[in-house]
Amino acid sequence: MSDTKKISKTTAKPEGLISRFMSATELDTRLIGMVGALALIWIGFHLYGALVNGFGAFLTPRNLWNLSVQTSSIGIMACGMVLVIVTRHIDLSVGSLLGFCAIIMGVIQVNILPSFLGLGHPLIWVIAAACGMLLGATVGAFHGWLIAYRGIPAFIVTLGGLLVWRGAGFLVARGETISPVDSTFALLGGGPYGAVGATGSWIIGLIGCAAVVFGVINGRKQRTKFEFKLRPVWADTFLGLVGCATIIGAVLLVNAYPWPRGIVRRYAEENAITIPEGGLFISHGFAIPVLILLVVGISMTLLMTKTRFGRYVYAIGGNPEAAALAGINTKMMTVKIFAIMGFLAGLSAVVASARLNSATNALGELDELYVIAAAVIGGTSLSGGVGTIFGAILGALVMQSLQTGMVLIGFDAAVQRIVVGSVLVLAVYLDILYRRKSK
């Protein structure tokens, strides 16, 4: 017996430093890999621009601020697509639904409400946005009903929706561009006035840091309460410091991007402000679309990890038959999931049309592919049962970074699509390899 113990001790491989670190911090290796890939993309595009053009334009406050705004619309829908794909479905209609909701909101706030409430009424943008999100949720619930209660495959239902809602939007708008949208509504799309400024950004950053610290402390209390294994103190401290440092870095970045000089001059004239000799520096701060994405991401993460609904979603994705036998109403869950997806498509329509300051028939074209790609690249498995909201948002950032970088370099639109398609296929292949290795 003693000889056996000695042999087992000598043959056991010592755990490496990296393995011990990953085990202690409980970090997801796939997400770390995505962060590393994102860093390589950013640095690569910046260095390429520096070599070719003599200056790097990617890692600048202006470009990264715009990148965050451009990611918002796709990121919002990607949060809903995680639920859809986790339950082994697909939604190909989100881009067309976004365009349809945008057209309806444009008609409501440009052609209908001013006649009843008066031009510039403060409720116009509220009613328009509410109608768009309600319409999206209703259409999504209808798709879910067809899938769950009529047994039509999600691929067919949403492929039909892709064609139907794009055509419906064209009929409503008669092929015309509807603009301009309500001035307050337009702020939801970002821009100098559609941001919270330096002070607001610091307030949000401090609240975020406090939330990170609270999360770490509360996590230890919960683990102690339920007698779960505790992370080492140094690991919790490390996670807290990294989280706070990331938030503070984001605040410094968005505050480093100033308003354009022309807008500053106009703002100073309107408010009787004397511009000093060196110029007036006014920070953008966090854009409103980015804050909307953060709220959606946090809310969806809590929904998926802290509620019964989220547990049901993963249970259905893991084994639909077993979930039904366990008493989960899988049909009603499908309706709810697609309703949430539709609601987020409507919310994304608010952000996209506000940013464009108009509603066009081309709005949302091919967005369904970028949304699905963002979810898959973010670690959501097409086999179902696996996926995270944070991963999908990170995947959306990766997709948008690739697009923005290729635009800065000067790649043709055709080349951009080839790269995006190749990245999507590669992401699915890596997911297959990862699942095989985990088994």
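Matching residues to (1) under 22 Å from the mean Cα position of the chain (by Cα); (2) among the charged types (D, E, K, R); (3) open to solvent by 40 Å² or more (accessible area, probe 1.4 Å); (4) modelled with pLDDT of 95 or more:
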site: Gly278; (1), (2), (3), (4): no, no, yes, no
site: Ile288; (1), (2), (3), (4): yes, no, yes, yes
site: Lys306; (1), (2), (3), (4): yes, yes, yes, no
site: Arg311; (1), (2), (3), (4): yes, yes, yes, yes
site: Asn329; (1), (2), (3), (4): no, no, yes, yes
site: Ile337; (1), (2), (3), (4): yes, no, no, yes
Leu294 being part of a helix (DSSP H, G or I), within 22 Å of Leu67 (Cβ to Cβ), in contact (Cβ under 8 Å) with a residue 24 or more places away in the chain and open to solvent by 20 Å² or more (accessible area, probe 1.4 Å): no
All but one of (1) open to solvent by 60 Å² or more (accessible area, probe 1.4 Å); (2) assigned to a helix (DSSP H, G or I); (3) touching a residue at least 60 places away in the same chain (Cβ under 8 Å) hold for Val110; which doesn't? (1)
Kindly provide the set of residues from segment 349-385 that are farther than 23 Å from Phe309 by Cα and polar (S, T, N, Q), ordered by number. Ser353, Asn357, Ser358, Thr360, Asn361
Among the candidates Gly95, Gly80, Gly106, single out the residue that is over 24 Å from Glu176 (Cα atoms) and not hydroxyl-bearing (Ser, Thr, Tyr). Gly80
Looking only at segment 407-417, and only at residues there that are in a helix (DSSP H, G or I), among the hydrophobic types (A, V, I, L, M, F, W, C) and free of Cβ contacts under 8 Å to residues at least 40 places away in the same chain, the one that is most open to solvent (accessible area, probe 1.4 Å): Val407
Return the pairs, sorted by first residue and then second, in which the second residue is of a type in the set (Asp, Glu), the first residue lies in segment 422-438 and is assigned to a helix (DSSP H, G or I), the beta carbons are less than 9 Å apart, and the residues are 6+ apart or on different chains. none
Can we say Gly395 is among the small types (Gly, Ala, Ser), open to solvent by less than 40 Å² (accessible area, probe 1.4 Å) and out of contact with any Gly (no Cβ under 7 Å at 6 or more places or on another chain)? no
Which pairs have Cβ atoms under 9 Å, sit 6 or more apart or on different chains, and link a residue in segment 141-157 that is assigned by TED's automatic domain parsing to the domain that holds Phe343 to one that is open to solvent by 30 Å² or more (accessible area, probe 1.4 Å) and of a type in the set (Ser, Thr, Tyr)? Ala148/Thr330
Any chance Ala322 is assigned to a helix (DSSP H, G or I) and touching a residue at least 60 places away in the same chain (Cβ under 8 Å): no
Of the residues in segment 370-404, those that are more than 14 Å from the chain's Cα centre (by Cα) and part of a helix (DSSP H, G or I) come to Leu402, Gln403, Thr404
Within segment 7-27, which residues are under 18 Å from Gly243 (Cβ atoms) and either touching a helix residue (DSSP H, G or I) at 6+ places or on another chain (Cβ under 6 Å) or at pLDDT below 80 (or both)? Ala24, Thr25
Is it true that Leu252 is free of Cβ contacts under 8 Å to residues at least 60 places away in the same chain, under 30 Å from Ala352 (Cα atoms) and open to solvent by 70 Å² or more (accessible area, probe 1.4 Å)? yes
Of the conditions (1) under 24 Å from Asn66 (Cα atoms); (2) β-branched (Val, Ile, Thr); (3) over 29 Å from the mean Cα position of the chain (by Cα); (4) surrounded by fewer than 13 Cβ atoms within 10 Å (Cβ to Cβ), Ile263 satisfies every one except a single condition; which number is it? (4)
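Conditions tested, residue by residue: (1) open to solvent by less than 60 Å² (accessible area, probe 1.4 Å); (2) under 27 Å from the mean Cα position of the chain (by Cα); (3) in contact (Cβ under 8 Å) with a residue 40 or more places away in the chain; (4) closer than 22 Å to Pro289 by Cα.
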| position | (1), (2), (3), (4) |
| --- | --- |
| Val196 | yes, yes, yes, yes |
| Leu206 | no, yes, no, yes |
| Cys209 | yes, yes, no, yes |
| Leu230 | no, no, no, no |
| Ala235 | yes, no, yes, no |
| Cys244 | yes, yes, no, yes |
| Ile247 | yes, yes, yes, yes |
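Out of Leu92, Leu135, report the one residue that is within 20 Å of Thr360 (Cα to Cα), open to solvent by 10 Å² or more (accessible area, probe 1.4 Å) and not in a helix (DSSP H, G or I).
Going through Leu92, Leu135 in turn, the sole match is Leu92.
Residue-by-condition table, conditions (1) surrounded by 18 or more Cβ atoms within 10 Å (Cβ to Cβ); (2) among the basic types (Lys, Arg); (3) under 24 Å from Leu363 (Cα atoms):
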| site | (1), (2), (3) |
| --- | --- |
| Phe116 | no, no, no |
| Trp125 | yes, no, yes |
| Gly140 | yes, no, yes |
| Gly160 | no, no, yes |
| Val164 | no, no, yes |
| Ile178 | yes, no, yes |
If I filter segment 349-362 for residues that are open to solvent by 60 Å² or more (accessible area, probe 1.4 Å), in contact (Cβ under 8 Å) with a residue 40 or more places away in the chain and either under 19 Å from the mean Cα position of the chain (by Cα) or not assigned by TED's automatic domain parsing to the domain that holds Met77 (or both), do I get at least one hit? yes
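The values are calculated or read from the model by the stated rules, or taken from the named source; none is laboratory data. This one's a predicted model, so the numbers in the text were calculated from it and none came from an experiment. A quick note on method: Cβ atoms are made from the backbone with ideal geometry, for glycine too, and the neighbour counts reach across all protein chains shown. For accessibility, only protein heavy atoms count, side chains too; no ligands or nucleic acids. Shrake-Rupley method; radii C 1.70, N 1.55, O 1.52, S 1.80 Å.
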